[in-house]
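Colleague: Take this structure first; my questions come after.
Bear in mind these aren't lab numbers, they're just calculated from the coordinates by the rules spelled out. Quick caveat: nothing in here was measured; it's all calculated off a predicted structure. When we count neighbours, we look across all protein chains shown, and the Cβ atoms used for this are built from the backbone with ideal geometry, even at glycine.
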Amino acid sequence: MDSRDSSEGAVIRRRRECETCKRRFTTYERVEELNPLVVKKDGRREAFDRDKLIAGLKKACEKRPVSVDQLEAFVTDLERRLQEFGEKEVSSTRLGELIMERLPTLDEVAYVRFASVYRSFRDISEFMDELKEILEARGSRPKGKG
């Protein structure tokens, strides 16, 4: 039925209709580029899983004004950056840091949610320190403070 380029030509969206049942289907095609293996904290290695990353980001962005298209673009950009590094492996710690560098530009609340899981804060003071860093980075101060 229809094919369109999106994401600066990195993805092709195709719409099809089944001739038998008349249902419509949308597929997305992207150039398969080799992503590095992710080295977990315990030393295990696993393939970079785009869908797993998007699922985690969806949880962080739950009930936030962030569209699936924005998440797809975020992960596509992350994949592009990983490929530019040219490394065959990336630590899960480095991957998490790359995500956290860019996530505040997508949604600050999602960033805090992601950070609270990723950084495994031991207590509320660590969590508050992280919030203060976010506020300082964007030049704001908490309401009701001096």
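Colleague: Could you give the size of the charge dipole of the chain about its Cα centre, using +1 on the Cβ of each K and R and -1 on the Cβ of each D and E, expressed in debye and rounded to the nearest 20?
Modeller: On the way: 32 positive and 30 negative charges, 117 e Å.
It works out to roughly 560 debye.
Colleague: Go through 103-110, 15-22 and give me the packing order, highest mean Cβ count within 10 Å leading. Walk me through the intermediate numbers first.
Modeller: Details: 103-110: 17.4, 15-22: 9.0.
Packing order, densest peptide first, comes out as 103-110, 15-22.
Colleague: I need the semi-axes of the equivalent ellipsoid of region 34-137: take the C-alpha gyration tensor, multiply each eigenvalue by 5, square-root it, list largest first in whole angstrom. Walk me through the numbers before you get to the answer.
Modeller: Details: eigenvalues 108, 60, 30 Å².
Ellipsoid half-lengths, sorted descending, are 23, 17, 12 Å.
Colleague: Compute the FRET efficiency between Asp49 and Glu84 as 1/(1 + (r/R0)^6), taking r as their Cβ-Cβ distance and R0 = 30 Å, and round to the nearest 0.05.
Modeller: Details: r = 19 Å, r/R0 = 0.65.
Rounded to the nearest 0.05, the efficiency is 0.95.
Colleague: Moving on. In region 40-146, what is the count of Lys pairs whose alpha carbons are under 24 Å apart, counting only pairs at least 8 residues apart or on separate chains?
Modeller: Taking the Cα cut-off of 24 Å, the pair count is 15.
Colleague: I'd like the orientation of helix 124-137 relative to the chain: the angle between its Cα long axis and the longest Cα principal axis, in ° from 0 to 90, rounded to 10.
Modeller: Tilt of helix 124-137: around 70 degrees.
Colleague: If the chain between Leu131 and Lys59 were fully stretched, how many nm would it gain, using 0.36 nm times the residue separation less the Cα-Cα distance?
Modeller: Details: separation 72, 0.36 × 72 = 25.92 nm, distance 1.92 nm.
My answer for the length gained is 24.0 nm.
Colleague: On a C-alpha basis, how far is the centre of region 22-72 from the centre of region 77-118 in Å? Whole number, if you could?
Modeller: 12 Å
Colleague: Also, I was wondering about something else. For region 105-135, which trypsin sites (Lys or Arg not before Pro) are in a loop by DSSP, counting at most 12 other Cβ atoms within 10 Å?
Modeller: Values: sites: Arg113, Arg119, Arg122, Lys132; in loops: Arg119, Arg122.
Here the trypsin sites (Lys or Arg not before Pro) that fit, given the DSSP loop and packing criteria, are Arg122.
Colleague: Same structure, new question: State, to one decimal in nm, how far the label point of Val75 lies from the label point of Glu101, with both points 7 Å from Cα in the Cβ direction.
Modeller: 2.0 nm
Colleague: Sticking with this structure for a sec: Straight distance only, please: which aspartates and glutamates reach the Cα of Lys22 with their own Cα at less than 18 Å, same-chain residues fewer than 8 apart left out?
Modeller: Asp2
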